[in-house]
Amino acid sequence: NFADFLLTFFFQKTTEKRKAPTINIEDFRAIYRTLVHRPEFRELFCTYAPNQKVLAETELITFLKKEQFETEANETTALEIISKYEPIEEMKKRREMSFEGFVRYLNSEDCSIFRKDHKIVYQDMNRPLCEYFISSSHNTYLISDQLIGPSHLWGYASALLKGCRCLEIDCWDGSNNDPVVYHGHTLTSKISFSSVIQVIEKYAFAASEYPVVLSLENHCSPKQQEVMAEYLENILGNKLLSSAINDEVPTELPSPEALKFKILIKNKKVGTLEETILRKGKDSHGETGEIIEEAEDDEEGDEKSPSSPLIELPKRKSESESTPPPRKKPKMKKIKVAIGLSDLVIYTKSQKFESFEQSRESQKCYENNSIGETRARKLAKLSAPQFIAHTARFITRIYPKGTRTNSSNYNPQEFWNVGCQMVALNFQTPGVPMELQNGKFLDNGGCGYILKPDFLRNLNSTFSPYKVAGESTPIALSIRLISGHQLPPSNLSKGNKADPLVHIEIYGVPEDQMKKQSSVVKGNALSPRWNETFTFTVQVPELALIRFNVEDQVSIAGNEFLGQYSLPVQSLSKG
C-alpha cells in the first residue's frame, strides 16, 4: 500500500544519505514523524499549548470543550485521556500530554466521526419486531451473479458476520431425498440445505445476539419439506423458535429482546397459529396442507425468475399493437406444504400481498409480505402514507427485480423512507446501495436491528417522505473538511500521485438528497489539505445518511473511486 511505498522511499533516502544499508533509531524516528506528525495536528496542538511543547490538564479540558464540544469535560475526563494515550510516564505523572500523546488520541477510536454511544446497543429493544429496520440479504447463497455464478456457504457466514439478520434460502428437491440450495432454473451451482443450516447454526449470533430470520423460498415437494424440517430441528436445536411464547396467539409481534438467540422460519404456513398451537406434541409426519393463492401477475414476474422468458418470441402485430385486453379472472395455484415445516413458522408467516386495504382488514400481526422493488416503488410514490400505515403494522420485505442478473442493487433508501423493515440487498455486490446499507446498520451497536423513527411506527402517522413539513425537526449540519492522509493512488493515476477530491452526499427523503464537492488537490495523495466548510439543512435527520466519497480526478471526463465512508447523520460525532 501507499504507506509501504513511503517507508521504502524514506528508507532509501536515509540509507543513501548515511551511505549504509541500515537505519538507526534516530532515522526511524524521523521517518515515523514524517508519516504520523501531520502539520494540521501540530497547528491544533499549538493553539492550546502555550509553550507549544506540552498540554497541561487544564489546557486539554479547554480543547475538549471548544473543539470536541464535550461540554461536560472535566479533570477526570482529561486524566483518563492522558492515562490512555500519553506514552511518556513522566508526562503522565505531571498530568500533561506531549504532542505524541495528542497525535495518538486524535488518531484513536475516541476521535472517530461515528458517535461512541452508538457503537453499543442503546435503543429500546422491547418494541414489536415490525418497529425495527432489519438488516436483510437477498439470495444469500450467491457470491457472484444470478445466472451462472457459484452458490457458496461463505455467503451465509459472511452476511451473518456483517450483522445481517434476515437470510434467504432457495430450496429445491435434491437427489437421494436431500434438499439443495441454488437459484432455480439457472446454471448456478448447488449446495446442500443441511450444510447451509450447519453454517447458520455456527455463525448466527457471532455478530449479534438478536433474532435471525430464515426466509425460505420453498420449491420442494412435501416429502423433502419434511426433511428440511428435520434438519432445522436437529441442527438448530434450542436456537430454533418452534413454538409461540407461552403457547399464546399474540396480538402484537414479540420484541427482539424476547427473541434473543432465536432463529425464526419465514415460509408459507397452512392455517393459523391457533391451529399450530393445538397440534403441539402431535405427530404430523406425512401430513400435508394446501394453500390456494393467486398466481404471480405478468408485470412483476416471479421473484426468482432472472428474466421471463430469456428468449422472447416476436409478437404478432395484432398482439403488440392492439389495446390491452380487459383484466382476466386471476389464475389460482395450489401450493402443498408439509405440516411438519408449516408448524415451524410462528411469527413470520409469508402472506401474499394484495393491497393495503386487504391487509388492514384481514392480515394478522404475525403475517408478513414480500413485494418486488418495481411494485414497491410505485406504491411508495403513489400511496406513501398508506404504505407507512402498512409497515407500521406488518413486516414488509422488499427484494430486487428478477432482471438484475448481474446481482446489482437498488437504492434501499427509498424503501426505508416508507418504513419497510426488510430491504433485501445482494450483499456480494459492492457499490453505493451496499455502502448505505453498511453505514445505516453501523448504528445501535451493529446488531442488525434499528428502531424506526416514531413517525414510521405511529399507527396514526400522517408522515410522507414527499411532504415532510412539520413531521420532523430539521437540523443545520456544518462539515469542515480538513485533510486526508495516505490516500491510495487510483489504478489510473501516473506514479503514486493522485489528484483527490471529496464528495459529501446526503441520502434521505427526496428533499434531503444533495451532494457537494470539494476542490481538487493536485498531485498529493499523501497529505491533501482542503480546509473547506460545507453546510446542509437536513429536513428529516432521523432517516438521513451522510456519505464521504473520495475520488481521484483522472481526467475532465471522469474520476476514479478511492474510498468512502457512510453513516447515519444522527450518529455523527461533533468535533
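The values are calculated or read from the model by the stated rules, or taken from the named source; none is laboratory data. Predicted, not measured: the structure shown is a model, and the values here were computed from it. Cβ placement follows ideal geometry from the backbone for every residue including glycine, while neighbour counts extend to all protein chains displayed. When the accessible area is computed, the model is the full protein with side chains, heavy atoms only, and any ligands, DNA or RNA have been set aside. Shrake-Rupley method; radii C 1.70, N 1.55, O 1.52, S 1.80 Å.
Kindly provide the set of residues from the stretch 145-187 that are open to solvent by 20 Å² or more (accessible area, probe 1.4 Å), touching a Cys at 6+ places or on another chain (Cβ under 9 Å) and of a type in the set (A, V, I, L, M, F, W, C), ordered by number.
Hits for the stretch 145-187 are 172, 180.
Identify, from the list 511, 542, the residue that is in contact with a Pro (Cβ under 6 Å, 6 or more places away or on another chain) and of a type in the set (Asp, Glu).
After ruling out the rest, the residue left standing is 542.
Across the stretch 225-278, what is the total count of residues that are open to solvent by 10 Å² or more (accessible area, probe 1.4 Å) and assigned to a helix (DSSP H, G or I)?
Residues flagged as open to solvent by 10 Å² or more (accessible area, probe 1.4 Å) and assigned to a helix (DSSP H, G or I) within the stretch 225-278 amount to 18.
What pairs can you find where one residue is in the stretch 548-575 and within 17 Å of residue 442 (Cα to Cα), the other is surrounded by 17 or more Cβ atoms within 10 Å (Cβ to Cβ) and among the acidic types (Asp, Glu), and their Cβ atoms are less than 7 Å apart, with a gap of 6+ or different chains?
Hits for this filter: 564/435; 566/435; 568/443; 570/542; 571/443.
Within the stretch 485-502, does at least one residue satisfy the condition of being assigned by the TED database to the domain that holds residue 157 and without any contact (Cβ under 8 Å) to a residue 60 or more places away in the chain?
No.
Within the stretch 511-550, which residues are among the basic types (Lys, Arg) and outside any strand (DSSP E or B)?
Result: 522, single match.
How many residues are open to solvent by 20 Å² or more (accessible area, probe 1.4 Å) and either among the hydrophobic types (A, V, I, L, M, F, W, C) or over 26 Å from the mean Cα position of the chain (by Cα) (or both) when one looks only at the stretch 341-354?
So the count comes out to 2.
Taking the stretch 154-189, which residues are within 21 Å of residue 267 (Cα to Cα), more than 15 Å from the chain's Cα centre (by Cα) and part of a loop (DSSP other than H, G, I, E, B)?
Across the stretch 154-189, the qualifying residues are 173, 174, 178, 179, 182, 183, 184, 185.
Considering only residues that are in contact (Cβ under 8 Å) with a residue 40 or more places away in the chain, open to solvent by less than 10 Å² (accessible area, probe 1.4 Å) and not polar (S, T, N, Q), which ones fall in the stretch 416-439?
Of everything in the stretch 416-439, those that are in contact (Cβ under 8 Å) with a residue 40 or more places away in the chain, open to solvent by less than 10 Å² (accessible area, probe 1.4 Å) and not polar (S, T, N, Q) turn out to be 416, 418, 420, 422, 423, 424, 425, 436, 439.
What residue, of 346, 398, is assigned by the TED database to the domain that holds residue 213 and not in a loop (DSSP other than H, G, I, E, B)?
That would be 398, the only listed residue that is assigned by the TED database to the domain that holds residue 213 and not in a loop (DSSP other than H, G, I, E, B).
Do you know which residues across the stretch 107-120 are in a helix (DSSP H, G or I) and in contact with a helix residue (DSSP H, G or I) (Cβ under 6 Å, 6 or more places away or on another chain)?
Passing the criteria: only 118.
Residues in the stretch 504-534 that are farther than 24 Å from residue 44 by Cβ and more than 29 Å from the chain's Cα centre (by Cα): how many?
3
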